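For reference, the structure is listed below as C-alpha cells.
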Amino acid sequence: MPEHASSLADFQRSFGAHLRTPRKSPRPGGTPARRMAVYAELVHNNITGFLDTCFPVARQTLGEKRWSRLVKRFIATHLGETPYFREIPLEFLGWFQSAAPAGYPAWLASLLHYEWAELAVDTMPVAAGDLRIDAGVPMKEGIPVLNPAMLLLAYDWPVQRIGPTCRPRKPAPVQVLVYRDAGDVVRFMQLNAVTARLIALLQGGGKPSDEVLAQLANELGYADRAAFRGFGLGVLQDLQREGVLLGCRAA
C-alpha cells in the first residue's frame, strides 16, 4: 500500500473514532478542535434525532438520561452498514437485540421492535399488482386480497400498553397487526389468536375464503363448519372495513 494511502486510512480511522467518542479518542493531528467539535455534534445530533423520532415511547419510558446513555453507546460501538438515514433505527434495533449492555428492561427489545414497525410499514413499497382486486366479487366466493403494506407481529410482552406509567414485570403475549390504510396512515390492531391465525393463512395467498376458513376450522377442531364459516366471513368483512383486506379476486 502506498504511504499516502496508509496515512489517509489512519486519518480516517482516527477521524471516525473521534466523532464516535470525542472525549475518549484524540482528534487527528492537524485538525482544528473547533471544527472537529462541529462535526462530532452534527453526527450525534443527526443520529439521535432519527432515533428519538422513531422510538418516542422507549425514550419516555426509560427517561432522558438512560436513553441518552444507550444512544451514545450505540454511536460509540456500532459500525453502521447503511448510507440511508431512515435505516438507522433498524440498525439500532439490531444492535440492541445482539449487543446492548446489561441492565435494561427485558421488554425493551420488544418495545423497540414494535415502535420500529410503524416506520417499516410507513415506508414499505407496494407494487401496483399487489393492489389488484376484482370489483363485485363477494367475500364468500372470492380470494381475499390482503393489504400488502402490513406486518403481522407477536410479542411476549404487552407492547401496546408499555409506557412511563406501565412497566410490566411479567410477560403477557400479544399479537398485533400494523398496516397502512388507504389514506397512508399507519394503524395498529391488537388481534386475538384466531384472527391472527386467519390473517397468517391469508398471507399464503391464492386460496378462496371457503378453503381458508375450512382449514382454520379444522385446525381449531370446530365441528360445526357452517356456523364457523358464517363467523369467519363476518371477521373477513370486518377486516375489509378496517382496510386490512382490500377486497377479493375471482377464484
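Within the chain, the longest run free of GluC sites (Glu not before Pro) that sit in a DSSP loop with at most 15 other Cβ atoms within 10 Å is 142-251. Of 146, 198, 79, which has the largest mean-square fluctuation in a 10 Å C-alpha GNM of the chain? In the Gaussian network model the winner is 79. A compact globular protein would have a Cα radius of gyration near 2.2 N^0.38 Å; the ratio found for the chain is 1.35. Near residue 142: Cβ cut-off under 15 Å, other residues only, Lys/Arg at +1 and Asp/Glu at -1. The net charge is +1. Distance between Cα centroids, region 144-206 to region 81-124: provide it in whole Å. Using only Cα atoms, the two centres lie 17 Å from each other. Using the rule -39500 (n - 2.57) for each DSSP H run of four or more residues, divided by the residues of the chain, the 222 nm mean residue ellipticity is -16500 deg cm²/dmol.
Relative to the 2.2 N^0.38 Å rule of thumb, region 145-236 has a C-alpha radius of gyration ratio of 1.27. The Cβ shell under 10 Å around residue 242 holds other residues with a net charge of 0, Lys and Arg each +1, Asp and Glu each -1. Which lysines does residue 207 reach when only Cα atoms under 20 Å apart count, and residues fewer than 8 places away in its own chain are ignored? The reachable lysines, counting only those whose Cα sits under 20 Å from residue 207, are 140. Label-to-label distance, residue 52 versus residue 21, with points set 7 angstrom from Cα along the beta-carbon direction: 2.4 nm.
Report the longest stretch of the chain that contains none of the trypsin sites (Lys or Arg not before Pro) sitting in a DSSP loop with at most 16 other Cβ atoms within 10 Å. In short, 25-131.
Every read-out reported here was derived from the displayed coordinates using simple, explicitly stated rules and does not represent laboratory data. In this text the structure is predicted, and so the values were computed from the model without any measurement. Positions of Cβ are backbone-derived with ideal geometry, glycine not excepted, and every protein chain shown enters the neighbour counts.
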